[in-house]
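Encoded as structure tokens, the structure appears first; notes follow it.
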């Protein structure tokens, strides 16, 4: 049995949720039993259940002492996957003490060294400090939505921009991006997620722009399908820009959190994106220059592949054997 323990909220964002759902779907397709543990965030709980997975609640404030109810009594048959970033040592000790194996993602917590596997596809700086019995580094372990395979194409020029800044957009960056774009000559589609809480401000910006400048979409059924329609995406610094790049969609990355800054720089270094800075002082001036969309699109598709979820699932299968 696989237990996926996640944290998802307006404050944390929803990237952990969507990454874990992609992995859980792959594990289920391979015949494994998967159960989610999540904090009490109604939108996240609804999405998990809509995808057909069981989910139980845990208390974010309780570091440890609650895990036993969710570990198989046989012990060795349970693999506990933390997609919550910084694992605390006391929590890790409890999981290991219950006989379960521990897997973490992008984890720099003091409990990471207890992990049987620490998968770090989103960490690009200070990697020598990462801990775990087996640390897996590199974009080849990036868990991306396999649906993207159906929507890959090389872009030829810049005719349409997509703005998608996460399921929550904690800091309301979408509103500030829309203000900047409101006077520019690009058709812009803005996609907001299920926990977006800045709609009133966004609608005010859109209402004062030229007619047909903006198209607003909320909770699209398939972000991959929507990406297909556009030539450049403005995204945060989580998994989304990698999914865009895998589809051949170049990006401008705005870091919502400090740890996303190296992500933006790494994608820029690959030639698949531009990094616009931290959200507190981003610069979209690159959009006022000629952008080599075709070459960036070709580079993006070459540099970012869709095999990560299969590679991670294979690692977990070996751990479960």
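The values are calculated or read from the model by the stated rules, or taken from the named source; none is laboratory data. This structure is a prediction, so every number in the text was calculated from the model and none was measured. Quick reminder, even Gly has a Cβ in these numbers, built from the backbone with ideal geometry, and neighbours come from all protein chains shown.
Structure values in brief
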| read-out | value |
| --- | --- |
| Which listed residue is under 20 Å from residue 111 (Cβ atoms), surrounded by 14 or more Cβ atoms within 10 Å (Cβ to Cβ) and at pLDDT 95 or above, from 60, 21, 4 | 4 |
| Odd one out for residue 128 among (1) modelled with pLDDT of 95 or more; (2) surrounded by fewer than 19 Cβ atoms within 10 Å (Cβ to Cβ) | (1) |
| Residue within the stretch 63-79 that is within 19 Å of the chain's Cα centre (by Cα), touching a residue at least 60 places away in the same chain (Cβ under 8 Å) and either under 19 Å from residue 131 (Cβ atoms) or outside the structural domain of residue 34 (by TED's automatic domain parsing) (or both) present | no |
| Residues (more than 15 Å from residue 231 (Cα to Cα), touching a strand residue (DSSP E or B) at 6+ places or on another chain (Cβ under 8 Å) and assigned by TED's automatic domain parsing to the domain that holds residue 235) located in the stretch 284-318 | 284 |
| Set 106, 169: member being in the same structural domain as residue 284 (by TED's automatic domain parsing), surrounded by 16 or more Cβ atoms within 10 Å (Cβ to Cβ) and at positive phi | 169 |
| From 261, 291, residue being out of contact with any helix residue (DSSP H, G or I) (no Cβ under 9 Å at 6 or more places or on another chain), modelled with pLDDT of 95 or more and not in a helix (DSSP H, G or I) | 291 |
| Failed criterion for residue 215 (all others in (1) over 27 Å from residue 51 (Cα atoms); (2) free of Cβ contacts under 8 Å to residues at least 60 places away in the same chain; (3) outside any strand (DSSP E or B) hold) | (3) |
| Failed criterion for residue 318 (all others in (1) assigned to a helix (DSSP H, G or I); (2) on the phi > 0 side of the Ramachandran plot hold) | (2) |
| Members of the stretch 264-279 that are under 23 Å from residue 160 (Cα atoms) and not in a loop (DSSP other than H, G, I, E, B) | 264, 267, 268, 270, 273, 274, 275, 276, 277, 279 |
| So residue 122, is it over 22 Å from residue 68 (Cβ atoms) and surrounded by fewer than 19 Cβ atoms within 10 Å (Cβ to Cβ) | no |
| Among the residues listed as 194, 241, the single one being under 24 Å from residue 292 (Cβ atoms) and in contact with a helix residue (DSSP H, G or I) (Cβ under 9 Å, 6 or more places away or on another chain) | 241 |
| Top-ranked residue of the stretch 63-86 - restricted to ones that are under 22 Å from residue 43 (Cβ atoms) and part of a loop (DSSP other than H, G, I, E, B), ranked as modelled with the lowest pLDDT | 85 |
| Residues located in the stretch 243-258, provided they are outside any loop (DSSP other than H, G, I, E, B) and crowded, with 18+ Cβ neighbours inside 10 Å | 243, 244, 245, 246, 251, 252, 253, 254, 255 |
| Unique residue being closer than 22 Å to residue 17 by Cβ and in the same structural domain as residue 192 (by TED's automatic domain parsing) when the list is 281, 246, 272 | 246 |
| The stretch 172-201, subset under 21 Å from the mean Cα position of the chain (by Cα) and without any contact (Cβ under 8 Å) to a residue 40 or more places away in the chain, residue surrounded by the most Cβ atoms within 10 Å (Cβ to Cβ) | 174 |
| Tally of residues being exposed (fewer than 13 other Cβ atoms within 10 Å of the Cβ) and assigned to a strand (DSSP E or B) across the stretch 29-55 | 1 |
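Quick grid of which residues meet (1) in a loop (DSSP other than H, G, I, E, B); (2) modelled with pLDDT of 95 or more; (3) over 22 Å from residue 262 (Cβ atoms):
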site: 92; (1), (2), (3): no, yes, yes
site: 113; (1), (2), (3): no, yes, no
site: 118; (1), (2), (3): no, yes, no
site: 132; (1), (2), (3): yes, yes, no
site: 143; (1), (2), (3): yes, yes, no
site: 148; (1), (2), (3): no, yes, yes
site: 157; (1), (2), (3): yes, yes, yes
